[in-house]
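Readers should treat all values here as calculations from the given coordinates under stated rules, not as data from a laboratory. All figures in this text were calculated on a predicted structure; none of them were measured in a lab. Methodologically, a virtual Cβ is constructed for each residue, glycine included, from the backbone with ideal geometry; neighbour enumeration extends over all protein chains shown.
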Amino acid sequence: MTDTADQPLPPANGAGGTEHRFPCAQCGANLRYAPGQTAMTCSHCGHEQDIPGACEESRSAALAAHDLHSALAAPLPEADIEETRVLSCPNCGAQVEFDAAVHSAECPFCATPVVTDTGAHRHIKPQGVLPFRLREEDAKQAFAKWLKGLWFAPNGLARFARRDNRFSGIYVPYWAFDADTDSRYSGERGTYYYTGSGRNRRRRIRWTRVSGRVSRRFDQLLVMAAQSLPRRYVRALEPWHMAELEPYDPQFIAGFRAEGYTVDLGPGWKIAQERMDEIIRQDVRRSIGGDQQRIHSLDTTHANERFRHLLLPIWVAAYRYRDRSFRFVVNAQTGRVRGERPWSWIKVGLAVLAAALVIGGFIYLTEFA
């Protein structure tokens, strides 16, 4: 007899969507991936089931990057495409997978009530996933610590947020880009020198024209493929330990949600090029040397451009305070945090007033003492 615990149930979403369920071999309840482990756990009876690891050859094949220009020029083969069922948030634009029976929920990113029919999202299949390492309890501890450290927060915020917080474990979509770059530049190197002495000593800059060339290989440069979180939030969650990347397996998603990408491959590549340019400019400044640098021209060529579609784990808490939504995000692999918070402008005003009184008192004492 075939062990049903190793087999996902038939698709339940319809319209081509695939819903993976993993029943417990002991009691039949749904298994859930256990963060920090390589197993799924039954929340009903506690039974654990290992997720089989892939051999190195299969792992390399599953995580192999796609050619970027081929994918931009023509659709990928049907084997690299999948369709899922999602609910779309009208506020932040997130498209998050839900069960087919769910037609109303709360957006995990902004706490906006979502009442809508599920829709189909057809997209490039994920190739890799970074499994959750932190449990929900770990995220809650980070949230509590962050709340305690807030200056000028309204009275009672910590108590209110703890009462209202609901953490959601979500896999967010990323594009990971590879590229070899070669950049030629021209500019000027500024070197400090000094004239005069004593109080007349002045610092000057001597500029020298320079030109040169820098090269860099970018490996898995990450661009979040969704707009549900501000990009500054996304950057604050870095770095990710990409060495722990696993070939995509629905068993890692069991018990969590996955957000569909809303930033397509082409726009994602443009964002990646902007990030590459930032890094290349840093390389150029180091190459120019000196005390200051001016970059007059920079010409970069890209080669061997490739990409992967990955899912990375975060814990999200969205709470509402005085009709506004605030978010708290935890990198579920490393524990790095980023959050939004309200301000008590009364406390801010009192602090400014106190600072003004201290400065005024210091000036009075120095002038009239």
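The local environment of E188, defined by Cβ-Cβ distances under 11 Å, has a net charge of +4 under the rule Lys, Arg +1 and Asp, Glu -1. For the pair D50 and Y193, the difference between a 0.36 nm per residue extended length and the Cα-Cα distance amounts to 44.8 nm. In this simple spin-label approximation, L72 and A29 carry label points 7 Å from Cα along the Cα→Cβ vector, and these lie 4.9 nm apart. All other residues with a Cβ under 9 Å from the Cβ of A34 taken together, and with Lys, Arg as +1 and Asp, Glu as -1, what is their net charge? Neighbourhood net charge equals +1.
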